[in-house]
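Values quoted throughout were computed directly from the atomic coordinates according to the rules given, and no laboratory measurement underlies them. Quick caveat, the model's predicted, so the values are computed rather than measured. No Cβ is skipped: glycine too gets one built from the backbone with ideal geometry, and neighbour counts run over all protein chains shown.
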Amino acid sequence: MTGADVLLLALGAVAVGSGVLVVTTDQLVRAGLYLVVCLGALAGLFLVLTAELVAWVQVLIYVGAVVVLLLFAVMLTRAPIGRSPDLDRPGLPAALIGGGAGLGLAALFADAFRWSSVDLPAPGTAEAIGTELFRSWVLPFEVLSVLLLAALVGAIIVSRPDIGSRR
């Protein structure tokens with residue numbers, strides 16, 4: 001076992017552990033912060049796998065933008081910051097369904113690949129990724145940015161009772 005293998009296992013354990021904490025905590029802000037840890041561990045996994053561009057995009061887009069948007073939405077809509085009793089749902093059915101789905105996927109992958117090695121293609125460059133991104137994926141990025149802007153404006157409108165009320 002190499003150092004990279006140990007690092008992959010450690011970062012994977014951190015990602016899975018913080019992902020479990022995201023869905024089991026009953027405090028909304030802590031769930032957002034656990035999500036930051038989970039996404040940061042995923043970025044670390046990408047770094048270990050020598051996908052530096054994907055790792056930094058993960059940090060910039062998901063950790064930097066989506067989690068901040070989530071926390072701003074929580075603050076703007078005046079959601080409860082402390083413990084929320086409505087978030088306390090029975091976890092056994094969800095754990096059974098999630099565990100069954102995970103075991104099913106693991107069995108599917110083990111059966112599909114039969115522990116064979118896969119030849120990797122030549123690594124891509126940042127120039128090739130940028131060319132593909134700005135040639136073929138500009139419209140989905142713009143649609144996503146408009147959607148996020150609409151969500152933020154909607155959160156502001158919902159949080160302010162004086163906007164949109166009829167007198």
Paramagnetic reach from LEU105 (point 7 Å along Cα→Cβ, amide N under 12 Å) across the stretch 4-36:
16
Most to least packed among 36-46, 149-159 [average Cβ atoms within 10 Å]
36-46, 149-159
Isotropically averaged projected area of the chain, using the convex hull of Cα atoms (one quarter of hull area), nm²
14.2 nm²
Rounded to whole Å and sorted largest first, list the principal axis extents of the Cα atoms in the stretch 14-58.
36, 16, 9
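Compare the peptides 93-104, 65-76 by average per-residue count of other Cβ atoms within 10 angstrom and give them in order, highest first.
Top of the packing list down: 65-76, 93-104.
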If I model a spin label at LEU8 and LEU152 as a point 7 Å from the Cα along the Cα→Cβ vector, what separation in nanometres do I get?
3.8 nm
Potential extension, ASP162-THR50 segment - 0.36 nm per residue separation minus Cα distance:
35.2 nm
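So for the chain, averaging the separation of alpha carbon pairs under 8 Å that are six or more residues apart and normalising by length, what relative contact order in percent results?
Once divided by the residue count of the chain, the mean separation gives 21 percent.
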FRET efficiency for ALA95 and LEU33, Cβ-Cβ distance as r, R0 = 30 Å, nearest 0.05?
0.85
Where does each of 25-35, 119-129 land if you order them by average Cβ count within 10 Å, highest first?
25-35, 119-129
Of the DSSP H helices in the chain, the ones reaching 20 Å or more along their long axis in Cα terms and averaging at least -1.0 in Kyte-Doolittle hydropathy are 3-24, 28-48, 92-113, 138-159
